[in-house]
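S.K.: Supplied in structure tokens, the structure appears directly below.
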Amino acid sequence: MNLLRAVSTIGGLTLVSRVLGMVRDILMARYVGAGMASDAFLIAWRLPNLFRALFAEGAFAAVFVPMFNRKLAEADKDAPGTGLEVAKAFAGQVLSVLVPFLVLFTALMMLAAGPVVYAMTGGFPDGGPEKFALARHLTIITFPYLGLISLVSLLGGILNSLNRFWVNAAAPILLNICMIVALLFFRGDNQVDTAITQAIAVTVSGAMQLLWLILSCRANGVVLKLSRPRLSPDVKAMLLLIAPAAIGQGAIQFNLLISTSLAARYLSEGAVSWIYYADRLNQLPLGLIGIGVGTAILPMLSRQIGGGDSAAALNTQNRALELALLLALPAAVALVTAAGPIIHGVFQYGAFTAEDTLATAQVLAAFACGVPAYVLIKVLTPGFYARADTKTPVRLALLAMLVNLVGNLILIWPLGPVGVGVATALSAWVNVGLLFGVLYKRGHIQPDRRLIAKTWRIVAAAALMGAALWFGGHLAEGWMEGRLEHRIAALAVLCGGGAAVYGLATLALGAYRLSEIKGMLRRKA
């Protein structure tokens, strides 16, 4: 499958999901605000989000997809036409072990909701027992989502292996639809009741996503059967790889979990919400670019490395880095230079105040300095996972997490929630440097002339766009006090103008030519 097409498919559907997510966050800011109920819900939702990132966008993709692909290739090589059946049998074994484990794990986590919330928040020293009790209650409601989304991840990994990327990429849309419907039609009379409705919507969305993946698998000839759980050699091999893969892939989410916990313990009320809203915008380029490129290149790298074609694997890695930089650098510059107008236009409405806007914009600018790093982590780690090496990224991720923890402890006191963003961005760049250094030392990555030549041109084009956005942001501020549709129109003009400046700059500086883009769309990787 063409790399750019695959990324466009995943990124396009992720964009739909993120746009709906933005609508959800706008409604949430309006009806729940950035106070006690919001902080409690976001703590309760942090663990399901963490598991979604670890499994849906992490460990299953990193471990299950290469193993599933190898089963397909090896069986077809020995007996053409049998690959899918052999791979399905392996997936069935995994499912039979996964289901009872998830049921038990979810039940235990629901029973332990109180200690879990206390460990994350220290009991909310700023909010007292009422806030802690609400967070515990919401956590119990959202925990079943963990088990549901893990099953979604397994089925999504199968469809990704069959190059049906769009099905799994579309699943998160259902989460946002459920939460939007809950906010519009089922919200309570106060912020606490509305937060409870949102928690229920999270779990309902997990059931809907699972149903969507089951029906899609059936439509593609994949029907898995449950059998007596058995730790076959293949399942044991996968389980040995999946735990370190989850830690390696989830470094950013673990860092954010640490940051959120520290904010809940030591910062004023509202800090958890400021960090959440800033992170929502910060995660947009990661979802559109990093996850899209990382998901698309993993099956390609697995097949190229398995076939002994190291030259093709190097080329795939270089083109993925090139594409990631082309898209991630302008996203980072845009979020830094236009953080104020973006937060003002999107969130400052109803219960979300001007003070919330200022604080959130400052955190967003700090987070956004790490956007290219967050994306590059997703692009570099498949270079390890395609070679069945899940331990090295874990060791490097743990070092980065240590940097994040130390950075938080040092910066959270003088800088408040902004220190959280700075520490997270810094740790992401440390992770990138370590991943790239190890791959380079092993000879698994070697920047070619094209990548080097284009990188400085992309940087220059992004800088020109940043200057245009900085001036345009001041002009757009006057439109941010009006109706929501006026704000959205002003932001569309601001962002569209910035994108136009960047596009023209990339062409003028030779970062890309139209003929190259057309060729990337036509050629297969």
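S.K.: Among the residues of the stretch 500-509, which ones are surrounded by 15 or more Cβ atoms within 10 Å (Cβ to Cβ) and either among the aliphatic types (A, V, I, L, M) or over 17 Å from Leu329 (Cα atoms) (or both)?
M.R.: Correct list: Val501, Ala505, Leu509.
S.K.: While we're here: Search the stretch 163-220 for residues being open to solvent by 40 Å² or more (accessible area, probe 1.4 Å) and not in a helix (DSSP H, G or I), and hand back the single one that is farthest from Leu20 (Cα to Cα).
M.R.: So the residue we want is Asn220.
S.K.: Any idea how many residues of the stretch 438-453 are touching a helix residue (DSSP H, G or I) at 6+ places or on another chain (Cβ under 9 Å) and either surrounded by fewer than 13 Cβ atoms within 10 Å (Cβ to Cβ) or among the acidic types (Asp, Glu) (or both)?
M.R.: Adding up the residues that qualify gives 3.
S.K.: When you scan the stretch 324-360, how many residues do you find that are in contact (Cβ under 8 Å) with a residue 24 or more places away in the chain and either open to solvent by less than 10 Å² (accessible area, probe 1.4 Å) or under 20 Å from Gly472 (Cβ atoms) (or both)?
M.R.: Total meeting the criteria: 24.
S.K.: A further question follows. Quick one: in the stretch 361-400, which of the residues that are open to solvent by 30 Å² or more (accessible area, probe 1.4 Å) and in contact (Cβ under 8 Å) with a residue 60 or more places away in the chain is nearest to Met300 (Cα to Cα)?
M.R.: Once the filter is applied, the top-ranked residue is Arg387.
S.K.: Also, quick follow-up: One residue is enough: does the stretch 476-483 have a residue meeting the conditions modelled with pLDDT of 80 or more and exposed (fewer than 15 other Cβ atoms within 10 Å of the Cβ)?
M.R.: Among the residues of the stretch 476-483, not one is modelled with pLDDT of 80 or more and exposed (fewer than 15 other Cβ atoms within 10 Å of the Cβ), which makes the answer no.
S.K.: Of the residues in the stretch 91-131, how many are without any contact (Cβ under 8 Å) to a residue 24 or more places away in the chain and either crowded, with 18+ Cβ neighbours inside 10 Å or outside any helix (DSSP H, G or I) (or both)?
M.R.: So the count comes out to 2.
S.K.: Quick check on the stretch 352-374. Is at least one of its residues outside any helix (DSSP H, G or I) and within 30 Å of Gln191 (Cβ to Cβ)?
M.R.: yes
S.K.: Of all residues in the stretch 225-236, count the ones that are open to solvent by 40 Å² or more (accessible area, probe 1.4 Å) and touching a residue at least 12 places away in the same chain (Cβ under 8 Å).
M.R.: Result for the stretch 225-236: 8.
S.K.: Is there any pair with a first residue in the stretch 202-219 that is more than 26 Å from Ile140 (Cβ to Cβ) and a second that is outside any helix (DSSP H, G or I) and among the β-branched types (Val, Ile, Thr) whose Cβ atoms are under 6 Å apart and which are 6 or more apart or on different chains, and what are they?
M.R.: Correct list of pairs: empty, since none qualify.
S.K.: State all residues of the stretch 31-49 that are touching an Asp or Glu at 6+ places or on another chain (Cβ under 6 Å) and modelled with pLDDT of 80 or more; if no residue qualifies, say none.
M.R.: The answer is none; no residue qualifies.
The values are calculated or read from the model by the stated rules, or taken from the named source; none is laboratory data. From a predicted model like this one, the values you see are computed outputs, not experimental measurements. We place every Cβ from the backbone using ideal geometry, glycine too, and count neighbours over all the protein chains shown. The area values use the complete protein model at the heavy-atom level, side chains included, leaving out ligands, DNA and RNA. Shrake-Rupley method; radii C 1.70, N 1.55, O 1.52, S 1.80 Å.
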